[in-house]
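Accompanying notes for the structure given below.
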Amino acid sequence: MRKYVGLLRGVNVAGKNQVPMAGLRALFESLGCTDVSTYVQSGNVIFTSAGRVTAKALEAAIEGNLGVATTVVLRTPAELRQVLRANPFPAADTSKLHVGFMAHLPSAPAAEGLDRARFLPEEFAVTRAEVYLHLPNGMGRAKLPAYLDRRLDVAMTVRNWNTVTKLADLTGG
(Lines give C-alpha, C1' and ligand atoms only; values in the text may rest on other atoms or scores of the structure.)
Protein backbone atom coordinates (compact mmCIF):
# COMPACT_ATOMS: atom_id res chain seq x y z
CA MET A 1 0.00 0.00 0.00
CA ARG A 2 1.28 3.42 -0.92
CA LYS A 3 0.09 6.66 0.65
CA TYR A 4 -0.63 9.78 -1.40
CA VAL A 5 -1.90 13.29 -1.06
CA GLY A 6 -4.09 14.46 -3.93
CA LEU A 7 -4.13 18.24 -4.28
CA LEU A 8 -7.04 19.45 -6.38
CA ARG A 9 -6.78 22.76 -8.19
CA GLY A 10 -9.53 25.34 -7.93
CA VAL A 11 -12.24 23.40 -6.13
CA ASN A 12 -14.58 24.88 -3.56
CA VAL A 13 -17.33 23.69 -1.27
CA ALA A 14 -19.65 26.43 -2.53
CA GLY A 15 -20.02 28.44 -5.71
CA LYS A 16 -18.12 27.61 -8.87
CA ASN A 17 -16.37 24.20 -9.05
CA GLN A 18 -18.26 22.97 -6.03
CA VAL A 19 -16.97 19.64 -4.74
CA PRO A 20 -18.35 18.36 -1.45
CA MET A 21 -15.57 16.70 0.53
CA ALA A 22 -17.84 13.77 1.54
CA GLY A 23 -18.53 13.12 -2.14
CA LEU A 24 -14.84 13.35 -2.93
CA ARG A 25 -13.99 10.83 -0.20
CA ALA A 26 -16.71 8.46 -1.45
CA LEU A 27 -15.42 8.76 -5.02
CA PHE A 28 -11.86 7.88 -4.00
CA GLU A 29 -13.16 4.90 -2.03
CA SER A 30 -15.17 3.74 -5.06
CA LEU A 31 -11.91 3.76 -7.03
CA GLY A 32 -10.39 1.27 -4.59
CA CYS A 33 -8.51 3.74 -2.43
CA THR A 34 -8.44 3.15 1.32
CA ASP A 35 -7.86 5.25 4.43
CA VAL A 36 -9.39 8.18 2.54
CA SER A 37 -9.64 11.50 4.37
CA THR A 38 -9.80 15.14 3.40
CA TYR A 39 -8.16 18.10 5.06
CA VAL A 40 -9.91 21.48 5.06
CA GLN A 41 -12.45 22.27 2.38
CA SER A 42 -10.11 23.05 -0.49
CA GLY A 43 -9.43 19.71 -2.16
CA ASN A 44 -6.74 17.97 -0.12
CA VAL A 45 -7.29 14.19 -0.18
CA ILE A 46 -5.10 11.77 1.76
CA PHE A 47 -5.41 8.13 0.71
CA THR A 48 -3.65 4.84 0.25
CA SER A 49 -3.76 2.56 -2.74
CA ALA A 50 -2.50 -0.92 -3.47
CA GLY A 51 -2.53 -0.26 -7.20
CA ARG A 52 -1.08 2.35 -9.48
CA VAL A 53 -2.71 5.76 -9.16
CA THR A 54 -2.42 8.49 -11.78
CA ALA A 55 -3.50 12.09 -11.64
CA LYS A 56 -5.15 11.74 -15.07
CA ALA A 57 -7.32 8.83 -13.88
CA LEU A 58 -8.38 10.80 -10.79
CA GLU A 59 -9.13 13.89 -12.88
CA ALA A 60 -11.32 11.84 -15.24
CA ALA A 61 -13.17 10.23 -12.33
CA ILE A 62 -13.79 13.58 -10.63
CA GLU A 63 -15.11 15.12 -13.84
CA GLY A 64 -17.20 12.07 -14.73
CA ASN A 65 -18.71 11.59 -11.28
CA LEU A 66 -18.73 15.05 -9.73
CA GLY A 67 -18.96 17.16 -12.88
CA VAL A 68 -15.90 19.30 -12.12
CA ALA A 69 -12.90 19.54 -14.43
CA THR A 70 -9.87 19.96 -12.20
CA THR A 71 -6.18 19.26 -12.11
CA VAL A 72 -4.98 16.75 -9.51
CA VAL A 73 -1.40 16.93 -8.31
CA LEU A 74 -0.14 13.88 -6.43
CA ARG A 75 2.57 13.87 -3.78
CA THR A 76 3.82 11.18 -1.41
CA PRO A 77 4.58 11.77 2.29
CA ALA A 78 8.31 11.65 1.47
CA GLU A 79 7.85 14.32 -1.20
CA LEU A 80 5.98 16.54 1.28
CA ARG A 81 8.82 16.14 3.79
CA GLN A 82 11.26 17.18 1.07
CA VAL A 83 9.16 20.25 0.27
CA LEU A 84 9.32 21.32 3.91
CA ARG A 85 13.08 20.71 4.15
CA ALA A 86 13.84 22.58 0.91
CA ASN A 87 12.20 25.86 2.00
CA PRO A 88 14.34 28.59 0.38
CA PHE A 89 12.83 31.24 2.69
CA PRO A 90 13.58 29.87 6.19
CA ALA A 91 13.51 33.33 7.82
CA ALA A 92 10.13 34.25 6.33
CA ASP A 93 6.98 34.58 8.39
CA THR A 94 5.32 31.24 7.59
CA SER A 95 1.90 32.94 7.42
CA LYS A 96 3.23 34.64 4.27
CA LEU A 97 4.72 31.49 2.76
CA HIS A 98 2.97 29.30 0.16
CA VAL A 99 3.90 26.38 -2.07
CA GLY A 100 2.68 25.94 -5.63
CA PHE A 101 2.58 22.24 -6.48
CA MET A 102 3.02 21.76 -10.22
CA ALA A 103 1.60 18.83 -12.17
CA HIS A 104 5.01 18.26 -13.74
CA LEU A 105 8.40 19.90 -14.06
CA PRO A 106 8.39 23.18 -15.99
CA SER A 107 10.63 23.54 -18.99
CA ALA A 108 14.10 24.88 -18.18
CA PRO A 109 13.70 27.92 -20.48
CA ALA A 110 10.39 28.84 -18.83
CA ALA A 111 11.82 28.55 -15.30
CA GLU A 112 15.02 30.39 -16.18
CA GLY A 113 13.23 33.21 -18.00
CA LEU A 114 11.15 34.41 -15.05
CA ASP A 115 11.49 38.04 -13.96
CA ARG A 116 12.48 37.89 -10.29
CA ALA A 117 12.34 41.66 -9.72
CA ARG A 118 8.97 42.39 -11.35
CA PHE A 119 6.81 41.74 -8.26
CA LEU A 120 9.09 42.69 -5.37
CA PRO A 121 8.72 42.46 -2.41
CA GLU A 122 7.03 39.22 -3.47
CA GLU A 123 9.63 36.48 -3.98
CA PHE A 124 9.65 33.02 -5.46
CA ALA A 125 11.91 30.03 -6.00
CA VAL A 126 11.27 27.19 -8.43
CA THR A 127 12.55 23.91 -7.01
CA ARG A 128 11.82 20.84 -9.11
CA ALA A 129 8.01 20.64 -9.41
CA GLU A 130 7.29 23.18 -6.66
CA VAL A 131 7.26 26.94 -6.56
CA TYR A 132 7.88 28.52 -3.20
CA LEU A 133 6.15 31.86 -2.76
CA HIS A 134 6.98 34.47 -0.14
CA LEU A 135 4.12 36.96 -0.28
CA PRO A 136 4.69 39.63 2.41
CA ASN A 137 1.39 41.39 1.63
CA GLY A 138 -0.63 38.17 1.59
CA MET A 139 -2.05 35.91 -1.09
CA GLY A 140 -5.18 37.99 -1.65
CA ARG A 141 -3.30 40.92 -3.16
CA ALA A 142 -0.48 39.00 -4.78
CA LYS A 143 0.07 39.24 -8.53
CA LEU A 144 3.03 36.85 -8.61
CA PRO A 145 1.10 33.53 -8.54
CA ALA A 146 -0.90 34.35 -11.69
CA TYR A 147 2.28 35.47 -13.48
CA LEU A 148 4.07 32.23 -12.58
CA ASP A 149 1.07 30.16 -13.63
CA ARG A 150 1.08 31.81 -17.07
CA ARG A 151 4.83 31.87 -17.61
CA LEU A 152 5.63 28.36 -16.39
CA ASP A 153 2.71 26.97 -18.41
CA VAL A 154 2.24 24.07 -15.99
CA ALA A 155 -0.93 23.42 -14.00
CA MET A 156 -0.26 24.42 -10.40
CA THR A 157 -2.24 24.43 -7.18
CA VAL A 158 -1.11 26.57 -4.26
CA ARG A 159 -1.27 25.75 -0.55
CA ASN A 160 -0.24 27.87 2.41
CA TRP A 161 2.65 26.70 4.58
CA ASN A 162 0.37 25.69 7.44
CA THR A 163 -1.61 23.38 5.13
CA VAL A 164 1.56 21.83 3.69
CA THR A 165 2.89 21.23 7.20
CA LYS A 166 -0.39 19.72 8.37
CA LEU A 167 -0.63 17.43 5.33
CA ALA A 168 2.89 16.21 6.01
CA ASP A 169 1.96 15.57 9.65
CA LEU A 170 -1.25 13.75 8.71
CA THR A 171 0.59 11.46 6.31
CA GLY A 172 3.42 10.65 8.66
CA GLY A 173 5.64 12.93 6.63
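The values are calculated or read from the model by the stated rules, or taken from the named source; none is laboratory data. Bear in mind the structure is a predicted one, so any value in this text is a computation, not a measurement. Positions of Cβ are generated from backbone atoms using ideal geometry, with glycine treated the same way; all protein chains shown enter the neighbour counts.
Go through (1) in contact with a helix residue (DSSP H, G or I) (Cβ under 7 Å, 6 or more places away or on another chain); (2) at pLDDT below 95 one by one and return the number of the condition Leu97 breaks.
(2)
Identify, by number, the condition in (1) more than 14 Å from the chain's Cα centre (by Cα); (2) polar (S, T, N, Q); (3) farther than 21 Å from Arg128 by Cβ; (4) part of a loop (DSSP other than H, G, I, E, B) that Asn87 doesn't meet.
Condition (3) is where Asn87 drops out.
Can you tell me which condition Asn65 does not meet? The list is (1) in contact with a strand residue (DSSP E or B) (Cβ under 9 Å, 6 or more places away or on another chain); (2) without any contact (Cβ under 8 Å) to a residue 60 or more places away in the chain, and all the others hold.
(1)
Does Gly100 fit the bill of being closer than 30 Å to Gly23 by Cα, assigned to a loop (DSSP other than H, G, I, E, B) and either of a type in the set (Gly, Ala, Ser) or in contact with a Gly (Cβ under 9 Å, 6 or more places away or on another chain) (or both)?
no
Looking only at the stretch 111-123, how many residues end up being more than 19 Å from Val83 (Cα to Cα) and buried (at least 16 other Cβ atoms within 10 Å of the Cβ)?
Residues in the stretch 111-123 being more than 19 Å from Val83 (Cα to Cα) and buried (at least 16 other Cβ atoms within 10 Å of the Cβ): 3 in total.
In the stretch 45-62, what count of residues is obtained for those that are within 15 Å of the chain's Cα centre (by Cα) and at pLDDT below 95?
Number satisfying all stated conditions: 0.
What number goes with the only condition from (1) surrounded by fewer than 18 Cβ atoms within 10 Å (Cβ to Cβ); (2) on the phi > 0 side of the Ramachandran plot that Gly43 does not pass?
(1)
Consider Thr38 carefully, then state whether it is of a type in the set (Ser, Thr, Tyr), assigned to a loop (DSSP other than H, G, I, E, B) and crowded, with 16+ Cβ neighbours inside 10 Å.
Taking the combined requirement at face value, the residue does not satisfy it.
Take the conditions within 30 Å of Ala146 (Cα to Cα), part of a helix (DSSP H, G or I), touching a Leu at 6+ places or on another chain (Cβ under 7 Å) and touching a residue at least 40 places away in the same chain (Cβ under 8 Å) and apply them to Gly23. Does it pass?
In short, yes.
If you go through the stretch 137-173, how many residues are in contact with a helix residue (DSSP H, G or I) (Cβ under 8 Å, 6 or more places away or on another chain), more than 25 Å from Gln41 (Cβ to Cβ) and exposed (fewer than 13 other Cβ atoms within 10 Å of the Cβ)?
1
Name the residue, out of Ala78, Ala103, Ala60, Ala92, that is free of Cβ contacts under 8 Å to residues at least 60 places away in the same chain and loosely packed, with under 14 Cβ neighbours inside 10 Å.
Going through Ala78, Ala103, Ala60, Ala92 in turn, the sole match is Ala60.
What are the residues in the stretch 14-35 that are modelled with pLDDT under 90 and either surrounded by 14 or more Cβ atoms within 10 Å (Cβ to Cβ) or under 21 Å from Asp169 (Cα atoms) (or both), if any?
Within the stretch 14-35, Asn17, Val19, Pro20, Met21 qualify.
Testing Arg2 on (1) over 20 Å from Ala168 (Cβ atoms); (2) surrounded by fewer than 14 Cβ atoms within 10 Å (Cβ to Cβ), one condition comes back false. Which one is that?
Arg2 satisfies all of (1) over 20 Å from Ala168 (Cβ atoms); (2) surrounded by fewer than 14 Cβ atoms within 10 Å (Cβ to Cβ) except (1).
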